[in-house]
Amino acid sequence: MKNFVIWTIFLISSIHHHIVSAIVGDGISGHLKGEPLADFLNNHQSLWEAKYNEENEVRMKQLMNLKYVSEDPYMNISQTMLANVEMEIPKEFDARKKWPHCKSIGKIQDQSRCGSCWAVSAAEVMTDRLCIASNGTFQKQISALDVLSCCMDAGSSGCDGGWTSAAFRCFIRDGVVTGGTYKNKAGCKPYPFRPCSTRNSTRYVRCNTFHDYSTPPCQRKCSAFTELGRSYRESRFFGIEESLYKVKGERAIQKELMTNGPLTLSYVVYEDFYYYDGGVYKHIYGFPQGGHAVKVIGWGEAPDYRGTTVPYWLIANSWNDEWGEQGFFRIIRGINDCGIEARGAAALADVSRL
């Protein structure tokens, strides 16, 4: 079955024929893990660099149940209206360059040992879109904690995972308060979980030195130690009524991103993703491990290690800035790898209530 799937990808995407044919012909026996898998990935494809870390399994604790990338109760919502609008799509795009006054676009968060990627990525998108829609007037940060603990519509489960569409629905209906990173006193509800690293780090504790976090209870009040001087109700920001929508397909994602700003994408994580250490990721080997939600901020093209031009998405992950390419990663664009082009979501920011 594995070889059949790979051969199907080969037929669909000739740009990767040198990668896929090598894997098909390798005759793997047994299931690869650890250093053997890292070596295999580096020897049989030229898109991205693999690196083994014995703490890779810690990342599994930060994934969501696969249902959160396959059964979204809100995915019967309308596709973005921009999907059918004619636009000239540039070869490359970076939201950080289009909206340089919104520094939040390039910031990398750390969800720590909690499957809160859906809340973290959605809060990042809300933050960016409030800044973009206000032409830079909004410079606060939306609270991932408020989303995580209080936006659990339709079966979202906090640290066990959730739907970004549920987060955006909450943004529209109830509003979401401000809140920065761990121990940041500037907002109403800062993120409560300590950043951690799976590497030897001088800035972060090791993730394997403490246990997984549980979902905090929903508290509609500001944290006691913040210096905000405003109530919970006064700290809320909103999305525009009935502006929740899905974004599906390469061109629809591009048009949405270049018009309204970053959006969330959800996808299936396979074993080989834990080994990513740079380059343009494409799933090559391994079984599904869980779901993940991230923020897309751009796209472009780059040569792989053999000089072949490869189209990619530029993604902000939430595993801190020591992971991947300074917290970002690139993933192959145009073939819906890992389902990443099928599960975009967003809402429009309501700046009339700033």
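The values are calculated or read from the model by the stated rules, or taken from the named source; none is laboratory data. Given the structure is predicted, the values throughout are model-derived calculations rather than measurements. Because the Cβ atoms are built from the backbone with ideal geometry, glycine has one as well, and the counts that use them run over all protein chains shown.
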(request) State yes or no: is Leu41 more than 19 Å from the chain's Cα centre (by Cα), buried (at least 23 other Cβ atoms within 10 Å of the Cβ) and among the aliphatic types (A, V, I, L, M)? (result) yes
(request) Kindly indicate whether any position in the range 200-212 is farther than 27 Å from Arg59 by Cβ and surrounded by 14 or more Cβ atoms within 10 Å (Cβ to Cβ). (result) no
(message) Checking the condition among the polar types (S, T, N, Q), surrounded by fewer than 21 Cβ atoms within 10 Å (Cβ to Cβ) and over 27 Å from Gly30 (Cβ atoms), which residue from Ser266, Ser352 passes?
(response) Ser352
(request) Quick one: which residue in Gly136, Gly187 is of a type outside the set (Asp, Glu) and surrounded by 23 or more Cβ atoms within 10 Å (Cβ to Cβ)? (result) Gly187
(message) Any residue in the range 317-329 that is assigned to a loop (DSSP other than H, G, I, E, B) and among the hydroxyl-bearing types (Ser, Thr, Tyr) sitting within a Cβ distance under 9 Å of a residue that is modelled with pLDDT of 95 or more and surrounded by fewer than 19 Cβ atoms within 10 Å (Cβ to Cβ)? List the pairs, counting only those 6 or more apart or interchain.
(response) Ser318/Ile108
(message) Taking the conditions exactly as written (within 19 Å of Cys170 (Cβ to Cβ), at pLDDT 90 or above and touching a Leu at 6+ places or on another chain (Cβ under 6 Å)), does Tyr191 satisfy them or not?
(response) yes
(request) Only residues that are in a loop (DSSP other than H, G, I, E, B) and within 16 Å of Leu130 (Cα to Cα): list them for the range 143-173, please. (result) Ser143
(message) Just checking, does the range 269-279 include any residue being surrounded by fewer than 20 Cβ atoms within 10 Å (Cβ to Cβ) and over 17 Å from Arg59 (Cα atoms)?
(response) no
(message) For the range 131-149, give me each residue that is closer than 15 Å to Cys188 by Cβ and either acidic (Asp, Glu) or out of contact with any helix residue (DSSP H, G or I) (no Cβ under 7 Å at 6 or more places or on another chain) (or both).
(response) Lys140, Leu145, Asp146
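Residues are listed down the side, and each one gets a yes or a no for (1) surrounded by 19 or more Cβ atoms within 10 Å (Cβ to Cβ); (2) under 21 Å from Lys98 (Cα atoms); (3) within 11 Å of the chain's Cα centre (by Cα); (4) not basic (Lys, Arg):
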| position | (1), (2), (3), (4) |
| --- | --- |
| Gly290 | yes, no, no, yes |
| Val294 | yes, yes, yes, yes |
| Gly298 | yes, yes, no, yes |
| Glu301 | no, yes, no, yes |
| Tyr305 | no, no, no, yes |
| Thr308 | no, no, no, yes |
| Tyr312 | yes, yes, no, yes |
| Asn317 | yes, yes, yes, yes |
| Gln326 | no, yes, no, yes |
(message) Restricting to the range 57-111, and then to whatever is modelled with pLDDT of 95 or more and of a type in the set (Lys, Arg), can you tell me which residue is surrounded by the fewest Cβ atoms within 10 Å (Cβ to Cβ)?
(response) Lys91
(message) Here's a check for you: in the range 123-142, which residue that is of a type outside the set (D, E, K, R) and in a helix (DSSP H, G or I) is nearest to Arg194 (Cα to Cα)?
(response) Ala123
(request) Test Glu250 against the criterion of being out of contact with any helix residue (DSSP H, G or I) (no Cβ under 7 Å at 6 or more places or on another chain), assigned by TED's automatic domain parsing to the domain that holds Cys131 and surrounded by fewer than 21 Cβ atoms within 10 Å (Cβ to Cβ), and give yes or no. (result) yes
